[in-house]
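The values are calculated or read from the model by the stated rules, or taken from the named source; none is laboratory data. Please read these numbers as outputs of a predicted model, since none were measured by experiment. Heads up, the Cβs are rebuilt from the backbone with ideal geometry, glycines too, and the neighbour counts pull from every protein chain shown. Just so you know, the surface numbers come from the protein's heavy atoms only, side chains and all, with ligands and any DNA or RNA stripped out. Shrake-Rupley method; radii C 1.70, N 1.55, O 1.52, S 1.80 Å.
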Amino acid sequence: MADSMDHKTFRRLTTEDDAFVREYRQRLTAHRGMATLGEKLVPLEEFRRAAASSGRALTEGQREEAASRFLAGPADSTPVEGPFERIAVFGGVYNNHFALEALLEDAARRGAETIYCLGDLGGFGPHPEKVRPLLAQGEVQVIQGNYEESLASGREDCNCGYTDPRDNHFAEISYRYTESRCSAEFKAWMGALPLRRRVRLGDRELLLVHGSPRRINEFLFHSSSPAPFLEAMLQQNRCDAILCTHTGLQWHRQLSGGDAINVGVIGRPANDGATHVWYSMLSAGRNRLEVELLPLEYDFEALAREMVREELPAEFVETIQTGWWTTCLEILPPNERAVSRF
């Protein structure tokens, strides 16, 4: 109250007679029982009568239909691929050609009909040009991540979405290394990749993106992506499941309207003290989507030796050898940070 009146009035309200206090309060509350209709104040009953005679009454079903139309986004012209019964999906190669080679073998052994990569081929690891021949060999279908978008467009940074100075310092080292060792032809190929794919798995339609359907570098962490938000995203994008990556941490949530899946990355461990990496296998179940989050072993020591020879930061090498992140920690929500070593 003191912020909205002069000092003299405030002293009177706190020290003087009740009559002045009653009068002042009456002026403050004189609008009660009134409502704004157009540009004037009217009694509430008059407002209610006017509101009741305006618009139209909807049944419960009509209200739900209207809400669905409002929430649904525009139709997506992305062609639908498939149908398939079983697919492998991964993200974040980060130049880890050892893990990519292991994934191609593991996915084939597990019966994947086709394989999808959700972007971020470069960064963190060594020798980016070793990745593309393996993608071609495995006939992997790829979408653009923020790395591909940045490299193809000649950006100065990876557009990873970090805000912490230390994270951005290491992101710049990683991006500069990859950018300087990718051929112009490889960058042009990246720029021609689609930003999203739609895949038919059984009778369900999956939307494949890098960060989220809204933004290429959006972080969808398990603890900070509530169910109502994910449900709305499924509805807005007219799909039965959203598959993403970018965070580096895999998770799956079943929802009333479908599934949300962060498929994991194969470029570095999931900050859990284990040296393996993660990818996802999806199958068309009878009543629901069957989702397997799979650990993937690979020759991490060989990767670490290459990283040392390429003079990449010791912090990167430590992550590969221990399974604990030493960089990109500040972006983690509290729950994910709490289980970290650092």
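A few remarks follow.
- The Gln254 and Ala51 beta-carbon pair, evaluated with R₀ = 41 Å, returns a calculated FRET efficiency of approximately 0.50.
- With a 1.4 Å probe rolled over the protein heavy atoms of all chains, the accessible area of Met34, Met190 falls in the order Met34, Met190, largest first.
- Nearest 10 degrees, 0 to 90: helix 300-309 Cα axis against the chain principal axis: 90 degrees
- Each residue was assigned an accessible area with a 1.4 Å probe, and for Asp106 the value is about 20 Å².
- Relative packing of peptides 97-105, 239-247 - highest average C-beta neighbours within 10 Å first: 239-247, 97-105
- Ligands, DNA and RNA left out, the accessible area of the chain computed with a 1.4 Å probe is 50% carbon and sulfur.
- Report summary: the helix-based calculation at 222 nm, which adds -39500 (n - 2.57) for every DSSP H run with n ≥ 4 and divides by the residues of the chain, gives -11000 deg cm²/dmol.
- Segment 63-119 shape via C-alpha gyration tensor axes, a/c threshold 1.5: prolate
- Candidates Gly111, Gly145, Gly264: whichever shows maximal mean-square fluctuation once the chain is modelled as a Gaussian network with Cα springs under 10 Å: Gly111
- Surface accessible to a 1.4 Å probe, per residue, for the residues of the chain, Å²: 51 Å²
- Tilt relative to the chain, helix 60-71 - C-alpha long axis, 0 to 90 degrees, to 10: 60 degrees
- Per residue, the convex hull spanned by the Cα atoms of the chain amounts to 226 cubic angstrom.
- Degrees, to the nearest 10: 227-236 long Cα axis against longest axis of the chain: 80 degrees
- Given charges at Cβ of Lys, Arg, Asp, Glu: the chain dipole, positive-most of Ser212, Phe229, Leu44: Leu44
- Computed from point charges on the beta carbon alone (+1 for Lys and Arg, -1 for Asp and Glu), the dipole magnitude for the chain about its Cα centre is near 1280 Debye.
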